Every structure is written in structure tokens, then in C-alpha cells.
Amino acid sequence: MFGRSKLELGPQDAPPGRAEAIAVQQPHHVHGRAITPPWPEGHELLVVGMGCFWGAERIFWQLEGVWTPFVGYAGGVTPNPTYREVCTARTGHAEIAGVVYDPTVTGLEPLLAAFWENHDPTQGDRQGNDIGPQYRSTLLTTTEEQASAAVRSRDHYQARLAETGITAPITTTVEPLEALYWAEPEHQQYLSKHPYGYCNHGFCQVTY
């Protein structure tokens with residue numbers, strides 16, 4: 001396996017994982033709210049993968065109507081993976097930011113606009129110099145409304161790219177959220193705890 005690319009690994013290569021969560025989560029480092037359920041009544045969860053999850057999370061904790069974001073792993077096969085396991089690409093998970101929001105304060109459009117504008121959704125299993133399926137672009141939805149809005153937004157942003165001469169196809173997947181695992185506490189709100197830490201996110205190509 002040492003001679004194989006991260007992009008060539010499959011489910012047969014996945015580590016077994018574990019039955020229990022890897023750590024007890026602490027309150028959000030910025031605003032002090034819980035980052036695990038139960039959420040306030042009526043709030044919803046949208047899960048986004050847009051490369052390294054540190055910078056993705058920071059984008060969303062600044063948005064109006066977002067109750068709390070957190071970072072974790074989703075879309076793979078290993079239960080309760082560790083960060084080190086996910087970074088081998090053997091678990092199949094993407095690094096994700098979970099976005100818990102109040103739909104009476106913000107609609108989906110501002111959240112999706114922040115998603116599209118702050119990473120390059122045409123790069124496949126990478127984001128900049130970060131290479132591997134854990135960095136893929138993905139939208140994992142928890143309601144039918146989210147799923148429909150996500151597909152519409154992907155088509156809209158592909159058209160926006162084309163208007164500016166960017167012909168590369170968007171590789172973002174839109175799928176229902178299945179298993180979701182919280183990342184270790186040291187990764188939660190990493191860029192609040194380490195303000196000068198690594199981040200490759202920011203306005204990328206064209207406005208949504």
C-alpha cells in the first residue's frame with residue numbers, strides 16, 4: 001500500500017475505527033455554545049466539505065443566523081475516526097464543517113454562497129496544495145429543502161463560472177448526510193485558538 005496514491009485507496013483499505021466517540025466535546029471557543037446536540041428547537045444542520053476544515057469552520061461562525069459550527073468527518077466508512085486516520089485517506093471521510101443555523105434568521109442562500117465563494121469546487125480530491133479525498137468538495141444535506149437548494153446552487157454557480165470564462169466542471173457532490181463524527185477538541189475552532197494557523201480559504205473565483 002505504501003506505493004499507492006491516496007486517490008487509489010478503497011474501502012478495503014479502511015481502518016476498523018472504534019465504537020465510542022474519540023473525545024468529549026467542549027463548548028464553542030468563540031461563543032460558548034454547545035457544539036453537539038440537542039440544538040435549539042427549529043434549528044437545522046447543513047454539512048459542508050471545502051478542504052481543510054479549520055478555515056471552513058471560521059467562515060461560518062461569522063455568519064448571521066448560524067447558531068454554532070463545528071468540525072468533523074463524514075462520507076466515509078470508518079466509525080469514529082481520528083484525524084490521523086482521516087489524513088491517510090483510508091477512511092474515505094471528508095473533513096467537514098457542520099453548520100447549525102436558525103432558518104428564521106438566515107435562509108440557505110447566504111450559507112451556500114459562502115460555501116461556493118470561499119473554495120475552488122472544480123479541483124476534485126484536493127484543495128490547493130492539500131491533496132486527497134479528505135479535501136473534496138461536498139454538500140451533505142439533512143432535509144429535502146437543503147438537497148434541492150444545494151443542487152440548484154451548484155448549477156447556478158457553474159453558470160456563474162462559465163460567465164467569467166472558467167470552463168472546468170464543478171466536482172462538488174450533493175448527498176444526504178449519513179454518519180457524522182466530531183473531530184478531536186484540538187481541531188474545534190482551531191483558528192480561534194491559533195489565530196495565525198494554517199488556512200487556505202478566502203474568496204476564490206467569482207461571486208455567487
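Inspect region 134-148 for any residue being more than 21 Å from Leu63 (Cβ to Cβ) and hydrophobic (A, V, I, L, M, F, W, C) and give the result as yes or no. No, every residue in region 134-148 fails to be more than 21 Å from Leu63 (Cβ to Cβ) and hydrophobic (A, V, I, L, M, F, W, C). Among the residues of region 64-113, those that are closer than 22 Å to His31 by Cβ, free of Cβ contacts under 8 Å to residues at least 60 places away in the same chain and outside any strand (DSSP E or B) comprise Glu64, Gly65, Val105, Thr106, Gly107, Pro110. In summary, Pro121 fulfils each of the numbered conditions (1) part of a loop (DSSP other than H, G, I, E, B); (2) closer than 25 Å to His29 by Cα with the single exception of condition (2).
Residues are listed down the side, and each one gets a yes or a no for (1) closer than 18 Å to Gln189 by Cα; (2) touching a strand residue (DSSP E or B) at 6+ places or on another chain (Cβ under 9 Å):
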{"position": "Glu20", "(1), (2)": "no, no"}
{"position": "His29", "(1), (2)": "yes, no"}
{"position": "Ala56", "(1), (2)": "yes, yes"}
{"position": "Ile59", "(1), (2)": "yes, yes"}
{"position": "Thr68", "(1), (2)": "yes, yes"}
{"position": "Tyr73", "(1), (2)": "yes, yes"}
{"position": "Tyr83", "(1), (2)": "yes, yes"}
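Checking each residue in region 37-57 for being farther than 17 Å from Ser137 by Cα, surrounded by 15 or more Cβ atoms within 10 Å (Cβ to Cβ) and out of contact with any Ser or Thr (no Cβ under 6 Å at 6 or more places or on another chain) picks out Trp39, His43, Glu44. Residues of region 80-125 that are at positive phi and either surrounded by fewer than 21 Cβ atoms within 10 Å (Cβ to Cβ) or of a type in the set (Lys, Arg) (or both): Asn80, Gly92, Gly124.
Only one of the numbered conditions (1) modelled with pLDDT of 95 or more; (2) part of a helix (DSSP H, G or I); (3) over 17 Å from the mean Cα position of the chain (by Cα) is not met by Pro27, and that is (2).
The values are calculated or read from the model by the stated rules, or taken from the named source; none is laboratory data. Being a predicted model, the structure only gives us computed values, none of them experimental. Backbone-built Cβ (ideal geometry, glycine too); neighbour counts: all protein chains shown.
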